[in-house]
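The values are calculated or read from the model by the stated rules, or taken from the named source; none is laboratory data. The shown structure was predicted, so the numbers you read here are calculated from the model rather than taken from an experiment. All Cβ positions, glycine included, derive from the backbone under ideal geometry; neighbour counts span all protein chains shown.
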């Protein structure tokens, strides 16, 4: 059974988050509602230029959950992943260095669980 189906069967509502990152920065890609934990069950990162990126629970001193690299004009897919934050109220941060104003398009899917 996939992680997505597991949480759907438990009655959790699927959530989708999208952000556009236009500069080298750290940005909150997903801020959970109070007293919930984030479960990521899929991600997609599109980059116009060759670049590297990473996702963290918490902050840059927190837990790195995914790190990747992209060639120019490429999309990185991870449709069948499973990352469950062990701590309540932790933001998912995206860190990228696109090197231009064309940046990244970041899409996350998953659940907020209590």
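Listing for the model above:
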{"item": "Residue check, residue 98 exposed (fewer than 14 other Cβ atoms within 10 Å of the Cβ) and either within 18 Å of residue 13 (Cα to Cα) or modelled with pLDDT under 90 (or both)", "result": "no"}
{"item": "Complete set of residues in the stretch 43-52 that are over 18 Å from residue 91 (Cβ atoms) and either touching a strand residue (DSSP E or B) at 6+ places or on another chain (Cβ under 7 Å) or without any contact (Cβ under 8 Å) to a residue 40 or more places away in the chain (or both)", "result": "44, 46, 47, 50, 51, 52"}
{"item": "Residue that is out of contact with any helix residue (DSSP H, G or I) (no Cβ under 9 Å at 6 or more places or on another chain) and on the phi > 0 side of the Ramachandran plot, where the choices are 73, 24, 18", "result": "73"}
{"item": "Residue list for the stretch 68-92, restricted to those being part of a strand (DSSP E or B) and modelled with pLDDT of 90 or more", "result": "83, 84, 92"}
{"item": "Matching residues in the stretch 49-64 - criterion: being modelled with pLDDT of 90 or more and closer than 12 Å to residue 38 by Cα", "result": "56, 57"}
{"item": "Of all residues making up the stretch 42-63, the number that are surrounded by fewer than 15 Cβ atoms within 10 Å (Cβ to Cβ) and within 17 Å of residue 110 (Cβ to Cβ)", "result": "1"}
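Residues are listed down the side, and each one gets a yes or a no for (1) surrounded by fewer than 16 Cβ atoms within 10 Å (Cβ to Cβ); (2) without any contact (Cβ under 8 Å) to a residue 40 or more places away in the chain; (3) assigned to a loop (DSSP other than H, G, I, E, B):
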| position | (1), (2), (3) |
| --- | --- |
| 5 | yes, yes, no |
| 12 | no, no, yes |
| 17 | no, no, no |
| 20 | yes, no, no |
| 26 | yes, no, no |
| 32 | no, no, yes |
| 40 | no, no, no |
